[in-house]
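Just below is one structure, and these are the notes that go with it.
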Amino acid sequence: MAAVTPIIPAGGLIRTEPTSPKLLPVRVLVIGSGAREHALVLALRRDPAVTAVNAAPGNAGIAQHAEIRSVDPCSGDEVVALARDVEADLVVIGPEVPLVLGVADAVRAAGIACFGPSAEAARIEGSKAFAKDVMNAAGVRTAHSEVVDSPGELDAALDRFGPTWVVKDDGLAAGKGVVVTADRMAARDHAAECLEMGHPVLLESFLDGPEVSLFCLVDGETVVPLLPAQDHKRVGDGDTGPNTGGMGAYTPLPWLPEQTVTAIVDEVVKPVAAEMVRRGTPFSGLLYAGLAIGQAGPAVVEFNCRFGDPETQAVLAMLDSPLGELLHATATGTLDRVAAPRWKDGAAVTVVLAAENYPGRPRTGDVISGAESAGTGTESEVLHAGTAQRADGALVSAGGRVLSIVGHGADLEAARENAYARLAGIKLPGSHFRTDIALAATENRITVPTTV
Ligand code: GLY
């Protein structure tokens with residue numbers, strides 16, 4: 001039952017609004033090492049009820065805001081031992097692989113609150129075929145699909161789709177397992193490569209319309225949406241080149257009709273959450289709906305079982321509510337008692353600075369300069385992903401996506417200017433970034449079908 005506060009307006013009519021039960025001081029352990037986890041750490045540090053933030057394995061930027069410990073994020077035993085050692089009241093698991101492997105189950109079994117779904121529920125991301133099954137049972141609109149698990153079936157199956165072909169590796173592939181192409185040969189090559197690795201392939205019909213990432217806190221059948229965001233998945237300006245883990249994102253979406261978030265929650269996320277409960281595998285954590293907003297309304301492109309990267313960097317820059325309280329309530333089954341998140345005015349844009357050759361095998365070990373302000377306060381605009389500190393103290397690249405630069409402003413244009421001005425001061429040899437994050441939105445070039 002929600003706590004309520006009577007509000008007595010001048011006219012004397014009494015109405016009630018939920019207020020959050022006060023969160024007792026909590027110590028948090030964040031698992032992961034990307035810019036998403038850096039954003040989570042900073043937002044947790046802004047919550048006065050969060051008294052300590054540890055992170056593992058973290059990165060060079062997170063080390064400036066949290067105590068860093070080493071851990072194998074995929075080992076439930078190691079994560080539990082570390083959580084006990086740092087006396088964590090709440091463990092927040094950032095990436096999908098530990099979730100799919102059951103690390104959240106191990107933490108909960110040890111009696112520690114955990115933000116992140118069970119292995120059974122994380123299958124909504126871990127297996128595209130499982131996600132389709134849940135969506136079909138829940139009556140949720142999504143692309144028509146077929147699973148191909150042997151090379152002999154491939155050509156006939158490709159003939160039933162395309163153009164455009166959408167070919168997905170039916171497993172975890174960090175955003176790079178999806179090929180969307182008008183070239184049948186390229187579609188066939190990707191599918192054959194997945195099959196050779198022993199992974200089934202999912203062929204899907206192409207969903208038209210602008211894409212939206214909607215993150216929802218989900219605790220059983222309670223669903224609380226965050227701000228909608230848009231990712232830029234292709235490596236090059238104008239959505240050219242191969243898919244990446246995400247090259248930039250922005251929020252909110254000025255082109256999205258106001259009622260669409262409610263429609264997504266009511267027609268997509270709530271039915272899926274209810275179906276997971278019905279199956280005996282309730283979802284607890286962050287359910288990320290990736291959608292295309294087409295003629296017939298929102299349709300699901302994919303579900304993920306965790307915060308998205310890089311959208312989280314922009315969404316959390318806009319959050320004006322205590323994050324610890326929201327995550328703790330989700331983890332302890334009390335999300336229905338927490339006040340809805342409040343948001344800052346304006347907009348946020350994040351731009352990813354990537355290492356040479358990303359999304360192929362990235363060059364690492366290059367010195368980064370100009371990113372120093374990441375160490376100041378908890379409103380840092382430079383979030384670290386693939387970074388490390390060399391023995392001589394120099395900051396060097398250590399992964400494909402190296403930094404996420406976040407800009408905030410009165411509107412998207414101002415947020416873009418802010419992010420790119422900050423990025424101009426950072427040097428990393430061989431690096432690249434997209435110059436058009438949120439540009440189409442600022443130029444009113446994104447439209448949704450009128451029936452939505
Ligand atoms: N933004 C894409 C992802 O997090 O998978």
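The values are calculated or read from the model by the stated rules, or taken from the named source; none is laboratory data. This structure is a prediction, so every number in the text was calculated from the model and none was measured. Every residue, glycine among them, receives a Cβ derived from its backbone with ideal geometry; neighbour counts consider all protein chains shown.
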* To do: Among what's in region 290-313 and is among the small types (Gly, Ala, Ser) and more than 15 Å from CYS216 (Cα to Cα), pick the residue that is farthest from the chain's Cα centre (by Cα).
  => ALA296
* Asked: Right, PRO200: at pLDDT 95 or above and either surrounded by 17 or more Cβ atoms within 10 Å (Cβ to Cβ) or more than 16 Å from the ligand (Cβ to nearest atom) (or both) or not?
  -> no
* **Matching residues, region 378-410, being at pLDDT 95 or above, among the charged types (D, E, K, R) and either touching a Ser or Thr at 6+ places or on another chain (Cβ under 9 Å) or assigned to a strand (DSSP E or B) (or both)** => ARG401
* To do: Check ALA289 against each of (1) more than 16 Å from the ligand (Cβ to nearest atom); (2) assigned to a strand (DSSP E or B) and name the one condition it does not meet.
  => (1)
* Taking region 46-60 as the search range and keeping residues that are buried (at least 19 other Cβ atoms within 10 Å of the Cβ) and not polar (S, T, N, Q), which one is farthest from PRO73 (Cα to Cα)? -> ASP47
* Within region 419-451, considering residues that are free of Cβ contacts under 8 Å to residues at least 40 places away in the same chain and closer than 30 Å to SER369 by Cβ, the one surrounded by the fewest Cβ atoms within 10 Å (Cβ to Cβ) -> ALA424
* To do: Take the residues in region 124-139 that are in a helix (DSSP H, G or I) and free of Cβ contacts under 8 Å to residues at least 60 places away in the same chain, then tell me which one is surrounded by the fewest Cβ atoms within 10 Å (Cβ to Cβ).
  => ASN136
* Asked: What number goes with the only condition from (1) aliphatic (A, V, I, L, M); (2) more than 16 Å from the ligand (Cβ to nearest atom); (3) within 14 Å of ALA131 (Cα to Cα); (4) crowded, with 22+ Cβ neighbours inside 10 Å that ALA299 does not pass?
  -> (4)
* To do: Pull up region 310-330, narrow it to residues that are assigned to a helix (DSSP H, G or I) and among the small types (Gly, Ala, Ser), then point me to the one that is nearest to GLY111 (Cα to Cα).
  => ALA329
* To do: Filter region 331-355 down to the residues that are among the aliphatic types (A, V, I, L, M) and not in a strand (DSSP E or B), then identify the one that is nearest to THR222 (Cα to Cα).
  => LEU335
* **Residues of region 299-329 that turn out to be touching a helix residue (DSSP H, G or I) at 6+ places or on another chain (Cβ under 9 Å), of a type in the set (Asp, Glu) and modelled with pLDDT of 95 or more, as a count** => 2
* To do: Check THR142, THR181, THR164 and return the single one that is without any contact (Cβ under 8 Å) to a residue 24 or more places away in the chain and among the β-branched types (Val, Ile, Thr).
  => THR181
